[in-house]
Amino acid sequence: MEWILVFILGAAIGSFLNVLIVRTPRDENVSFPASHCMSCDTPLRAWHNVPILSWLYLRGKCAFCGVKISAQYPIVETLTGLVFLFTALKLGISFQAFGIAMVFSLLLSLSIIDFRYKMVPDSINLAALTFALFSVASMGEFFTHFTNALLFAGGFTLLRFYLSYAIKKEAMGEADIMIAATMGAVLGVQLALVAIFLSAILALPALLLTRTDDEESQQLPFIPFLAISMWIVLMFDTQISLYLEAFYG
Ligand SMILES: [Zn+2]
């Protein structure tokens, strides 16, 4: 029963993330006006806002004007529900697990915004970092998270200096450094390095597939790969740590 509640909580948060995904890139207020149809502007009734179920019940159409509603809404709600469920299964039901689930939910919306609009809003990025820093059970743990965030943000900054010098233009943005800090805080330095490595492996085929001669359009959104790699490393952290230990002692 509690797992169902955890999923429902996640789906409800996913519903809010949908609002962030649609409104943040346009610089609109996220709490006002209330949800309305994007086509006919009719404000939604309460039962039109039930995560996943409303969309299924309405068969993906607005109840008033019948215009199609993007499948992105139920997909984001379902994914966020699953993020909450698997985080709780992995870490137990706790304040910490809630924070970590929030980190990944925010990274999910960042990934979609990066993919669709090729932008990474600082507001969502910093919110993810804040949850990553404060998802702790003790003061000591907070300092560990904070130190790892600093180490990783610093490491990325150094890498950026070298890369930018090597390719003679600005490599990576500030957004990537914020994500790096989040990765360090959530995973710790060693596992965060594994996640970076994994994201490069995952991005490589996509990079080759989307290769064009036009340099302008060659901007592959990298946040989704970082987020997915982080998620995989968190879910298999025990196995990966054992493997690293066997390998490097
Ligand atoms: Zn409508």
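Only the coordinates and a few stated rules stand behind these numbers; no lab work does. Every value quoted in this text rests on a predicted model; they were computed, and no experiment measured them. Virtual Cβ from ideal backbone geometry, glycine too; neighbours counted across all protein chains shown.
The value of relative contact order for the stretch 1-139, using C-alpha pairs under 8 Å at least six residues apart, is 28 percent.
Backbone geometry of the stretch 10-16 corresponds, through the Karplus equation with coefficients 6.51, -1.76 and 1.60 at θ = phi - 60°, to 3J(HN,Hα) couplings of x, 5, 5, 5, x, 4, 5 Hz, x marking Gly and Pro. Here the 3J(HN,Hα) profile of the stretch 157-172, calculated from phi with Karplus coefficients 6.51, -1.76 and 1.60 at θ = phi - 60°, is 5, 4, 4, 5, 4, 5, 4, 4, 5, 5, 9, 6, 7, 4, 9, 6 Hz, Gly and Pro shown as x. Assign one of three labels to the stretch 50-178, namely rounded, prolate or oblate, based on the Cα gyration tensor with a ≥ b ≥ c the square roots of its eigenvalues; rounded applies when a/c is under 1.5, prolate when it is not and a/b is larger than b/c, and oblate otherwise. Judged from the Cα gyration tensor, the stretch 50-178 comes out oblate (a/c at least 1.5, b/c at or above a/b). According to the Kirkwood relation over distinct C-alpha pairs, the hydrodynamic radius of the chain is 19.5 Å. Near residue 71: Cβ cut-off under 15 Å, other residues only, Lys/Arg at +1 and Asp/Glu at -1. The net charge is +3. Stretching residue 117 away from residue 42 to a fully extended chain increases their span by 24.4 nm, per 0.36 nm per residue minus the current alpha-carbon distance.
Here the extension length gained between residue 90 and residue 239 equals 52.3 nm, from 0.36 nm per residue of separation less the Cα-Cα distance. Rounded to the nearest Hz, the phi-derived 3J(HN,Hα) couplings of the stretch 133-142 under the Karplus curve 6.51 cos²θ - 1.76 cosθ + 1.60 (θ = phi - 60°) are 5, 9, 7, 9, 9, 8, 4, x, 5, 4, where x marks glycine and proline.
With contacts defined as alpha carbon pairs under 8 Å and 6 or more residues apart, what's the relative contact order of the chain in percent? Mind showing how you got there, number by number?
Values: 281 pairs, mean separation 42.4, N = 249.
After rounding, I find 17 percent.
Taking 0.36 nm per residue of separation and subtracting the Cα-Cα distance, full extension of the segment from residue 1 to residue 208 would add 70.0 nm. Global size of the stretch 137-249: 15.6, 51 Å for Rg and Dmax (C-alpha atoms, Rg to one decimal, Dmax whole).
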